[in-house]
């Protein structure tokens, strides 16, 4: 994520990985709650109702936060009148937002609750942005995250962002989150395929680990449907790979289900780029990065 300050949209603000913890899962909603819940918690809900969310605290960490403010933009509260209520004896305040979802209105509600947390350790939890991504697209999610970033800059805070990995939005994830720099935790079935490749063919795994980003560039720039590795390599502007090492990387990506080979050929392998799965390659890259195998090791 690359954040921009509202006062000067031409100046990028560096991503602060210690503030934003992005968690992705293809097995339902990712875990976004941790055991340390001191201070103030502001929870922004898109896929969970308020009562279900509150019950989930005891299942996940064993207790409720001392102070929690909830902004509910969930489908379960759509149509309700926009309102904020305070339940003092439970340390709870919550705002329900009616349809349609409006990012500015969401950020206004978040701002109100963040203002009440001045001087406290603040955790903002967004669970989960996939429904927003499905309904309004990547720009809406980026606008939301940039807005939250601006509003917590002056606080001692961290932001935990959940995003379910689902087929309907998988192709859009790469427009919002960089798989190498943004993802703190990922639970994806591709991890099993990576473990199998590491065990069965550690050499090829090493090439995938080191060169998957260059392979992605070659695949996405190549205008042939069934190229050889040397033809994919030829479109790279400043390659670290050779045609041979790129071919080994592409072979590994085939075994990971990212693309396929074209069987109707003799001689050098041709790769079927019509079968390319960019979202799966995104998950491969994120999993390698989270596991510490994002390409920093030598073969």
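The values are calculated or read from the model by the stated rules, or taken from the named source; none is laboratory data. Since the model is a prediction, treat every value here as computed from it, not as a measurement. FYI the Cβ positions are ideal-geometry reconstructions off the backbone, even for glycines, and counts take in every protein chain you see.
State the number of residues belonging to the stretch 239-262 that are without any contact (Cβ under 8 Å) to a residue 24 or more places away in the chain and either part of a helix (DSSP H, G or I) or outside the structural domain of residue 217 (by TED's automatic domain parsing) (or both).
Taking the stretch 239-262 as the starting set, the residues that turn out to be without any contact (Cβ under 8 Å) to a residue 24 or more places away in the chain are 242-244, 247, 254, 260-261.
Next cut, either part of a helix (DSSP H, G or I) or outside the structural domain of residue 217 (by TED's automatic domain parsing) (or both) only: 243-244, 247, 254.
Adding up the residues that qualify gives 4.
Could you tell me which of the residues 174, 147, 137 is at positive phi and in contact with a helix residue (DSSP H, G or I) (Cβ under 8 Å, 6 or more places away or on another chain)?
On the way: 174 fails: at positive phi; 147 fails: at positive phi.
Going through 174, 147, 137 in turn, just one is at positive phi and in contact with a helix residue (DSSP H, G or I) (Cβ under 8 Å, 6 or more places away or on another chain): 137.
Mind listing whichever residues of the stretch 2-55 are over 16 Å from residue 72 (Cβ atoms), in contact with a helix residue (DSSP H, G or I) (Cβ under 6 Å, 6 or more places away or on another chain) and modelled with pLDDT of 50 or more?
33
Quick one: how many residues across the stretch 109-123 are over 23 Å from residue 139 (Cα atoms) and either in a helix (DSSP H, G or I) or modelled with pLDDT of 90 or more (or both)?
As a first pass, look at the stretch 109-123 and keep what is over 23 Å from residue 139 (Cα atoms): 112-123.
If we keep only those that are either in a helix (DSSP H, G or I) or modelled with pLDDT of 90 or more (or both) as well, we get 112-115, 123.
Selection size over the stretch 109-123: 5.
Among the candidates 141, 159, single out the residue that is in a strand (DSSP E or B) and closer than 26 Å to residue 40 by Cβ. Steps first, please.
On the way: 141 fails: in a strand (DSSP E or B).
Exactly one of 141, 159 is in a strand (DSSP E or B) and closer than 26 Å to residue 40 by Cβ, namely 159.
For the stretch 90-108, check the following and say yes or no: at least one residue is touching a helix residue (DSSP H, G or I) at 6+ places or on another chain (Cβ under 7 Å), assigned to a loop (DSSP other than H, G, I, E, B) and modelled with pLDDT of 90 or more.
Among the residues of the stretch 90-108, not one is touching a helix residue (DSSP H, G or I) at 6+ places or on another chain (Cβ under 7 Å), assigned to a loop (DSSP other than H, G, I, E, B) and modelled with pLDDT of 90 or more, which makes the answer no.
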